[in-house]
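**Student:** The structure under discussion is supplied below as structure tokens; questions concerning it will follow.
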Amino acid sequence: MNSLEYRKFVVLFFIAITAGVFSVRMFYMQIIDDKWKLRAEEISKYKMTTYPTRGIVYDRSGNKLIANETYYDIMMIEDEISNFDTTLFCQLFKINKEELVEIYQNMVDKQGKDKKGKSNYRKFKPYPLITGLSSDDFSKVATELQKFPGFFENVRTLRKYPQNSGAHVLGYMNEVDGTDLEKDHYYRMGDYIGRTGIENYYEEDLRGRKGVQYLMKDARGNISGSQEESKYDTAAVPGRNLELTLDADLQTYGELLMKGKIGSVVAIEPSSGEILAFVSSPTYDPNLLIGKKIGKNFLTLQEDSLKPLFNRPLQAKYPPGSTFKLVTGLIGMQMGVVDSNRAFSCIKSLVNCHGHPTALSMSDGVKYSCNPYFYQVMSRIVQQGKSRNIFKDSKIGLAEWYEYVRSFGLGQPLNIDLAGDIPGFIPDVEYYDKVYNKAWAFSTIYSISIGQGEVGVTPIQMANLACIMANRGYYYVPHLVKSIKGKDISDRFQEKHYTKVKSEYFNPIVEGMWRVVHEPGGTARRAKTEGLNVCGKTGTAQNPHGEDHSIFIAFAPKDNPKIAIAVYVENAGFGGTWAAPIASLMIEKFLNGEVKQEAKEKRIIEKNFLTDPSIH
């Protein structure tokens, strides 16, 4: 054997000896001497999750919209329970024995089953038996808890909503279910998760990160403190705080104005896309969906015929009515089929209209909201004479129109930072081919020129249209979060989205919107506010199930706009009667900080369409 082979043999020998020693030691520790096994079980046995404080949510001025409040869970380790006085326990927590059994069984069932069908519940581990006790409730039982070995308290935080408003923005939390557990292994049964609103969309930012505490028992066998000076513990990491774009005062005021009405108000800062107010009416107090009564209160809200849980700004689809004439006029000018000085007679045989002077220009058409005017603009968009076949010609024109309309953010979700944003509906060639077996022309679909027929929009899309008008041709994706502590907001909220219409064509339309509010014969004189250059457009959407819906979109001031707004009031009739004054009050509140139009405000606040549906 040469020297190289000898050295190789020695190295391998020592490796084998070392491995053998370790193997023998591990065998001894795990099989013969069970103190290490018991030690591992002991550590695992008293392992308890510590929950982070959830991120606080503020409005744009630093007012708390979502805060945390301390609650207590009564934890139970079944193996540690002895001499359990169920009668005293039930008296203490104001339940009967049947309820206690049911609570226990629900707790066990929540742990689920493993792949073999066996329960995941372990008698040596801590689980929450009684949950969501307020500080006041816990103070009444704290001194008695030591009488029950195997029971101890665990502090956690639940939400509180100091402003009592903005429920559809803020959302609510509830316990995780099986689907949540499959999607994200961060959660365990008994955890809470943001279910709707900001609580849901920004869940990963708000929730923080859990910690772990390893408990020990005191001399009397009660759970007390951490093991070995907490050297095994890991601290929970608090969630990130959010600053919302909402103006809490404006939000509360909007909800006041919409009380007794069904509909929505959405206000946006045009220069940023930041949502200032997001009102869905009827609404509810978000504090109803926290604590022990969440299940009962949720069921009550869910069964309410007025659907207070329904998020109307995002999920209600309406015809845009005459507000859509703005889009029709812009597209007509961009396509070159009309110019800003084009006059059209108000020919009621084409489509019905209210009495007004002849519209001698695009600005006049907007001011008077003339149906035949925009009927004739749309007929030139759809039928441009590019084909001798009227059906083919209509398809060419509508296809081009469709692409222009889509550039206004219509017919598609805007993808704001709330879940449930629906697309609305903009009909295309394929749709009409299917409905009319490919035999259709402008005369078949003319109602879309004035925002009726198949066209469907959401209030958030209409508020965004008001932003486009204010910006003369572009928008930012509307959003609700202004900043996240320690993190940047998404870049997609800072990107300009341009329409396919050049900015120069917006001037005559905007001028018409100003005249709608400020000149005799305009359709929204009730929106006029002293000192504020409000530009707006009324809409009255046909409703086959009752009175028409009242619609108004607006922005102010005319130059360098600070606020854009859309108001929908269901079954309230003409847009200038109810939606327009609501919008003007919101604009005045935001721009001036106060409302001086007391008579107008009183009329709006006192009107309750739910008890008095008459329109006047």
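What follows draws every value from the coordinates through simple rules; no lab data is involved. Quick caveat: nothing in here was measured; it's all calculated off a predicted structure. Neighbour counts run over all protein chains shown; Cβ positions are idealised from the backbone, glycine included.
**Student:** Using the Karplus curve 6.51 cos²θ - 1.76 cosθ + 1.60 with θ = phi - 60°, work out ³J(HN,Hα) for each residue of region 408-413 in order, rounded to whole Hz, and write x for Gly and Pro.
**Tutor:** 8, x, 9, x, 7, x
**Student:** Quick check on region 272-326: take the gyration tensor over C-alpha atoms, sort the square-rooted eigenvalues as a ≥ b ≥ c, and tell me if it's rounded (a/c under 1.5), prolate or oblate.
**Tutor:** In terms of gyration-tensor shape, oblate.
**Student:** Students often get this wrong, so try it: which of [x] 31.6, 88; [y] 23.0, 70; [z] 32.6, 117 is Rg and Dmax of the Cα atoms in Å as calculated from the structure shown?
**Tutor:** Among [x] 31.6, 88; [y] 23.0, 70; [z] 32.6, 117, the one derived from this structure is [z].
**Student:** With a ≥ b ≥ c taken as the square roots of the eigenvalues of the C-alpha gyration tensor of region 481-616, please select rounded if a/c is under 1.5 and otherwise prolate if a/b is larger than b/c or oblate if it is not? Can you show the working numbers first?
**Tutor:** On the way: a/c = 1.58, a/b = 1.41, b/c = 1.12.
It is prolate, given that a/c is not under 1.5 and a/b is the larger ratio.
**Student:** Oh, and also: For region 38-142, would you read off the P(r) tail past 25 Å as a percentage of all alpha carbon pairs?
**Tutor:** Values: 2132 of 5460 pairs.
More than 25 Å apart: 39 percent of the Cα pairs in region 38-142.
**Student:** Using 0.36 nm per residue, how much length does the chain from SER134 to ASN533 gain when fully extended, once their Cα-Cα distance is taken away?
**Tutor:** Gain on extension, SER134 to ASN533, equals 138.6 nm.
**Student:** Cross-link candidates for LYS292: which lysines have Cα within less than 20 Å, leaving aside residues fewer than 8 places away along the same chain?
**Tutor:** LYS94, LYS97, LYS110, LYS140, LYS160
**Student:** For LEU145 and SER483, what does the FRET efficiency come to when R0 = 45 Å and r is the distance between their Cβ atoms, rounded to the nearest 0.05?
**Tutor:** Once the sixth-power term is evaluated, E becomes 0.60.
**Student:** Under 5 Å between amide hydrogens, which residues at least 5 positions from THR529 or on another chain qualify, with H placed 1.01 Å from N in the peptide plane?
**Tutor:** Under 5 Å from the amide H of THR529: VAL534.
**Student:** Still on this structure, I have one more. Using the crude model of +1 on Lys and Arg Cβ and -1 on Asp and Glu Cβ, and no other charge, please compute the dipole size for the chain relative to its Cα centre, in debye to 20.
**Tutor:** Around 980 debye, computed over the chain.
**Student:** Report the normalised scattering of region 490-536 as log10 I(q)/I(0) at q = 0.15, 0.20, 0.29 Å⁻¹, calculated by the Debye formula with identical scatterers on the alpha carbons.
**Tutor:** With no solvent term, the Cα-only Debye profile gives -0.55, -0.72, -0.97.
**Student:** Quick check: the distance between the Cα centres of region 302-343 and region 372-410, to the nearest angstrom?
**Tutor:** Spelled out, the Cα-based centre of one part sits 17 Å from the other.
**Student:** Once you put a point 7 Å from the Cα of ASP304 and another 7 Å from the Cα of ALA419, both along the Cβ direction, what distance in nm separates them?
**Tutor:** Taking the simple label geometry, ASP304 and ALA419 are separated by 2.1 nm.
**Student:** For region 316-413, what log10 I(q)/I(0) values come out of the Debye formula at q = 0.10, 0.13, 0.16, 0.22 1/Å, with one point per alpha carbon and no solvent?
**Tutor:** For region 316-413, the Cα-only Debye profile gives -0.28, -0.47, -0.71, -1.17.
**Student:** Over region 170-217, one equal point on each Cα, no solvent: what is log10 I(q)/I(0) by the Debye formula at q = 0.20, 0.32, 0.33 Å⁻¹?
**Tutor:** -0.69, -1.28, -1.30
**Student:** Cut-off 15 Å, label point 7 angstrom out along Cα-to-Cβ of ASP612: give me the residues of region 258-278 whose amide nitrogen falls inside.
**Tutor:** Within reach of a label on ASP612: 259-261.
**Student:** Moving to a separate point now. List the residues, sorted by chain then number, that are 5 or more residues from LYS47 or on another chain and whose placed amide H is less than 5 Å from its amide H.
**Tutor:** Amide H neighbours of LYS47: LEU215.
**Student:** Now for a separate question. Please list the non-local residues whose amide H lies under 5 Å from the amide H of TYR71, H modeled 1.01 Å from N, same-chain partners needing a gap of 5 or more.
**Tutor:** ARG156, THR157, LEU158
**Student:** Tabulate in residue order the Karplus-calculated ³J(HN,Hα) for region 553-560, using 6.51 cos²θ - 1.76 cosθ + 1.60 with θ = phi - 60°, rounded to whole Hz; enter x for Gly and Pro.
**Tutor:** 10, 7, 8, 7, x, 4, 9, 6
**Student:** Distance in nm between label sites at ARG525 and THR252, each 7 Å beyond Cα in the beta-carbon direction?
**Tutor:** 3.6
**Student:** Per-residue HN-Hα couplings for region 387-401, Karplus 6.51 cos²θ - 1.76 cosθ + 1.60 at θ = phi - 60°, whole Hz, x for Gly and Pro?
**Tutor:** Going residue by residue, I get 9, 6, 7, 4, 5, 5, 4, 5, 5, 4, x, 5, 4, 5, 4 Hz, with x marking Gly and Pro.
**Student:** Just order 297-303, 370-376 by mean Cβ neighbour count inside 10 Å, highest at the front, would you?
**Tutor:** Highest mean packing first, the order is 370-376, 297-303.
**Student:** Arranged from highest to lowest average of other beta-carbon atoms within 10 Å per residue, in what order do the peptides 347-355, 464-472, 543-551 appear?
**Tutor:** Averaged packing, sorted descending, gives the order 464-472, 543-551, 347-355.
**Student:** So what is the calculated 222 nm ellipticity per residue for the chain, using -39500 (n - 2.57) for each DSSP H run with n of 4 or more, over all residues, to the nearest 500 deg cm²/dmol? Present the calculation step by step, with values, prior to reporting the outcome.
**Tutor:** Numbers: 22 runs with 217 residues, N = 616.
Rounded to the nearest 500, the figure is -10500 deg cm²/dmol.
**Student:** Of the DSSP beta bridges with both residues in the chain, give the percent that are antiparallel, rounding to the nearest 5.
**Tutor:** So the antiparallel bridges amount to about 95 percent of the total.
**Student:** Moving on to the next point. Along the positive direction of the dipole of the chain (beta-carbon charges: Lys, Arg +1; Asp, Glu -1; about the Cα centre), which of GLY522, LEU181, GLY150 reaches farthest?
**Tutor:** GLY522
**Student:** What shape does region 362-414 take by its C-alpha gyration tensor, where a ≥ b ≥ c are the square roots of the eigenvalues and a/c under 1.5 counts as rounded, a/b above b/c as prolate, and the rest as oblate?
**Tutor:** Numbers: a/c = 3.18, a/b = 1.15, b/c = 2.77.
Taking the square roots of the gyration eigenvalues as a ≥ b ≥ c, region 362-414 is oblate.
**Student:** Quote to one decimal, in nm, the extra length available between ASN120 and ARG406 on full extension: 0.36 nm per residue of separation minus the C-alpha distance between them.
**Tutor:** Extra length available between ASN120 and ARG406 comes to 97.8 nm.
**Student:** Nearest 10 degrees, 0 to 90: what angle lies between the long axis of helix 97-110 and the longest principal axis of the chain (Cα atoms)?
**Tutor:** 80
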